[in-house]
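First comes the structure, then the notes that go with it.
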Amino acid sequence: MKQQISNNSVVGMGRYVDIHCHCLPGFDDGPATMANALSLCRALVKDEIAVVVATPHQLGRFDGKNEADAVRQGVFDLNRELKSKNIPLIVFAGADVRLDERIPYLIEADRILTVGDNNQYLMLEIPHEVFINPEPLIAQLASDGIKTIVSHPERNEFICNKPKTVLPWLKHGACLQVTAASLSGDFGTAAKMMAWNLLRSGQAKLVATDAHDCKTRVPRMSDAFRLISKGIGVSAARRVCIENPKKVLEGKVLEPAANSVEQEVCG
Ligand SMILES: [Fe+2]
């Protein structure tokens, strides 16, 4: 049965909706055990996150693993554990899908997952080591009625050097998701500058943790919200950390972070 987000989901202890997190145990480079997964979930709750999408890696080095039904079962098991331990967090199914020309076919075959498992938004991870332009895939998915969320473009060296690369993607309706920790410089100065440029220009409409553990890849949504509130404004922070992530799960159209219309990122 498909999960649905309700207003009650975001009025508990937490307020943020995190659409990108490696919180399922034993799937990828996230937590190895259920105990570790629960520790990460407690850290998410402490970071004021109410709803999280479990996005284990699919394709790339995990090709043939972490297929849709296994992820759905993992999410069911984690939600059951969270409930039994009174940890106030709701987990949705999703995936962080490595760029691959088979993606439209694999969605159709129900082998890879969209964000929230509602066939509206696909989270696409482009390779770091070599640049492959995802524009043809983004266009193909758009013609199939699926919008692409490109995860953390600010952490890609090629895109940092050529920011206009993203413009054709946006024309096909793609959305950009910045990693929360990039905003404070955890991924270096270039990623930090690019993240802020993408948010200020209105090109990035989503912030997510991409958390993997409680030590090095920790959730930093509260810090991001505070920094965006100070740097761009509270309404922008609410939009990219709460409202737009919720719209992804509802299959709705996202709004720009900044009040201005989308602009080109300079430099
Ligand atoms: Fe990720």
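The values are calculated or read from the model by the stated rules, or taken from the named source; none is laboratory data. Everything quoted here is computed from the prediction, not taken from an experiment. Cβ placement follows ideal geometry from the backbone for every residue including glycine, while neighbour counts extend to all protein chains displayed. Surface areas here come from the heavy atoms of the whole protein model, side chains and all, with no ligands, DNA or RNA. Shrake-Rupley method; radii C 1.70, N 1.55, O 1.52, S 1.80 Å.
Between the listed residues L89, G30, A70, the Cα displaced farthest toward the positive end of the dipole of the chain, a dipole computed from Cβ unit charges relative to the Cα centre, is found at L89. For the chain, modelled as a GNM whose springs connect Cα atoms under 10 angstrom apart, the maximal fluctuation among M194, M221, M34 occurs at M34.
Subtract the Cα-Cα distance of E48 and K252 from 0.36 nm times their separation in residues, and report this length gain in nm to one decimal.
Full-extension gain reported as 71.1 nm.
Annotation: per residue accessible area for the chain equals 44 Å², rounded to a whole number [probe 1.4 Å, protein chains only]. Taking a straight line from the alpha carbon of K164, these lysines sit under 30 Å away, with near neighbours fewer than eight places off in the same chain left out: K147, K192, K205, K230, K246, K247, K252.
When the solvent-accessible area of segment 163-267 is split by element, carbon and sulfur atoms take up 52 percent of it, the probe being 1.4 Å. For the chain, adding -39500 (n - 2.57) for each run of n ≥ 4 DSSP H residues and dividing by the number of residues yields -9500 deg cm²/dmol at 222 nm. Bridging of K162 to aspartates and glutamates at a Cα separation below 19 Å is possible for E125, E129, E135, E154, E262, E264, once same-chain residues fewer than 8 apart are set aside. For the chain, the dipole from Cβ point charges (+1 on Lys and Arg, -1 on Asp and Glu) about the Cα centre works out to 860 debye, to the nearest 20.
Build a GNM of the chain with springs between Cα atoms under 10 Å apart, and of Q177, Q73, Q58 the one that fluctuates most is Q73. Taking every C-alpha pair closer than 8 Å and separated by at least 6 residues, the mean separation divided by the residue count of the chain gives a relative contact order of 19 percent.
Check which residues have an amide H placed less than 5 Å from K205's amide H, if you skip close sequence neighbours. Sorted by chain and number, the residues that satisfy this are L176.
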